[in-house]
Amino acid sequence: MKLQQLRYIWEVAHHDLNVSATAQSLFTSQPGISKQIRLLEDELGLEVFARSGKHLTRITPGGEIIVREAGEILRRVEGIKKIAQEFSNQRKGDLSIATTHTQARYALPPVISGFIEEYPDVSLHMHQGTPMQISEMAANGAVDFAIATEGMDLFNDLIMMPCYKWNRCVIVPKDHPLAKGQELTLEELAEYSLVTYVFGFTGRSKLDEAFQSRGLTPKVVFTAADADVIKTYVRLGLGVGIIASMAFDPKVDTDLVALDASKLFRASITRLGFRKGTFLRGYMYEFMRRFAPHLTKEMIDRVVAHQGSRSEILELFKDVELPTY
């Protein structure tokens, strides 16, 4: 059994059983991957993948377990490499982050800019997706950190730490009746067609909870994962927009008016999560501190050592005043 064979079955399983796509991503040949998988299956006396002719059709029940264990082994190997790198060159390596469009577009640019200036020999890789996708990437070790507001609660093998609070604003064209600046109410908003985030993105659950608590049903006519897309359709007159306050730039969005909605909706909390057992290199601690200044090395180490439930981990932050974005 070779590490290369374990990597092949892991990668094939995570490329929708497409050996050709796997070969392309690993810069190797399709026949070579197929041959090594067959050799591994022969050694194990068990098929990892079921086949129809030359095509892989599904992962067998035994194969599911083997692929999962292969992933664990590969993650441990990467951990060993990181330990060696930390002691051989503390300022050189890789950092992979999975996040949503809102974080990537509005919250992270100054953090990443400063980080790259301080650590020019660290290669930083950003992956965007839905909260569920990025949480899964962190949980299976595909990325080092997941940064999101929604979705991470479903993954028990993630250590999650609160980073900052944020709320929403309502955006309308300058000639809209709401642009007069009167204090908003949920009842008033419920009378208009709304343009906002897709459910499961960027604190959307808090918006729905607020309307439901007042017995209101909002008329959501258009949803998107991208605040810039939402603003585009507000400009087209499709409806009143509700976006994260950080996504409104008065210097750029000069044709729109932003109305504070923080009294209408509960604040959301953006969190950073990483897989339990992750070896944290020095520059990883520094990235987290830059993103959320209260995430000092001492605080992060306390959280990692605590190994408690999520409610118990949150208790460690009870005296921390989270910044508001």
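The values are calculated or read from the model by the stated rules, or taken from the named source; none is laboratory data. Here the structure is a predicted model, which means the values were calculated and not measured. Note that we place each Cβ from the backbone using ideal geometry, even for glycine, and neighbour counts take in every protein chain shown. Each accessible area value is taken on the protein alone, full model and side chains, heavy atoms only, with ligands, DNA and RNA left out. Shrake-Rupley method; radii C 1.70, N 1.55, O 1.52, S 1.80 Å.
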### Message
Show me the ranking of peptides 226-237, 112-123 by mean Cβ neighbours inside 10 Å, starting with the highest.
### Response
226-237, 112-123
### the stretch 108-155 and the stretch 163-201: distance between their alpha carbon centers, rounded to Å
29
### Task
Using a Gaussian network model of the chain whose springs link C-alpha atoms within less than 10 Å, name the residue from Leu46, Leu124, Leu186 with the highest mean-square fluctuation.
Leu46
### Message
Modelling each spin label as a point 7 Å along the Cα-to-Cβ direction, I'd like the Thr254/Arg38 distance in nm, to one decimal.
### Response
6.7
### Choice from Arg290, Arg75, Arg302 showing the highest fluctuation, given a GNM over the chain with Cα pairs closer than 10 Å
Arg302
### Message
I need the shape label for the stretch 52-92. Rule: rounded when a/c is under 1.5, else prolate if a/b > b/c, else oblate, with a, b, c from the alpha carbon gyration tensor.
### Response
prolate
### Percent accessible area from carbon and sulfur atoms, the stretch 283-325, protein chains only, probe 1.4 Å
53
### Query
Once phi is turned into θ = phi - 60°, what whole-Hz ³J(HN,Hα) does the Karplus curve with 6.51, -1.76 and 1.60 give for every residue of the stretch 118-126, x standing for Gly and Pro?
7, 10, x, 9, 9, 7, 9, 10, 10
### Message
Below 13 angstrom from the Cβ of Arg290, what's the summed charge of the other residues (Lys, Arg +1; Asp, Glu -1)?
### Response
-1
### With all protein chains modelled, accessible area of His176 [1.4 Å, Å²]
40
### Query
Based on the mean of other beta carbon atoms within 10 Å per residue, what is the order of 93-99, 48-54, most packed first?
93-99, 48-54
### Query
Out of every Cα-Cα pair in the stretch 3-86, what percent are more than 20 Å apart?
32
### Rounded tilt (10° steps) of 30-44 against the dominant C-alpha axis of the chain
70
### Task
Could you pull the accessible area for Tyr197 with a 1.4 Å probe, rounded to 10 Å²?
10
### Message
Ignoring ligands, DNA and RNA, please state the percent of accessible area on the stretch 168-260 from carbon and sulfur, probe 1.4 Å.
### Response
53
### Whole-Å distance, taken between Cα centres, linking the stretch 1-76 and the stretch 212-277
42
### Query
For the chain, modelled as a Gaussian network with Cα springs under 10 Å, which listed residue fluctuates most, Ala21, Ala84, Ala179?
Ala21
### Query
How much of the accessible area of the stretch 3-86, probe 1.4 Å, is carbon plus sulfur, in whole percent?
54
### Task
Can you tell me the 0 to 90 degree angle between the C-alpha axis of helix 282-291 and the longest principal axis of the chain, rounded to 10?
20
### Query
Going down the table (Lys2/Lys81; Lys174/Lys263; Lys297/Lys318; Lys35/Lys82; Lys206/Lys231; Lys180/Lys251), which pairs top 28 Å between alpha carbons?
Lys35/Lys82
### Message
Taking only the Cα atoms of the chain, how large is their convex hull per residue, in Å³?
### Response
178
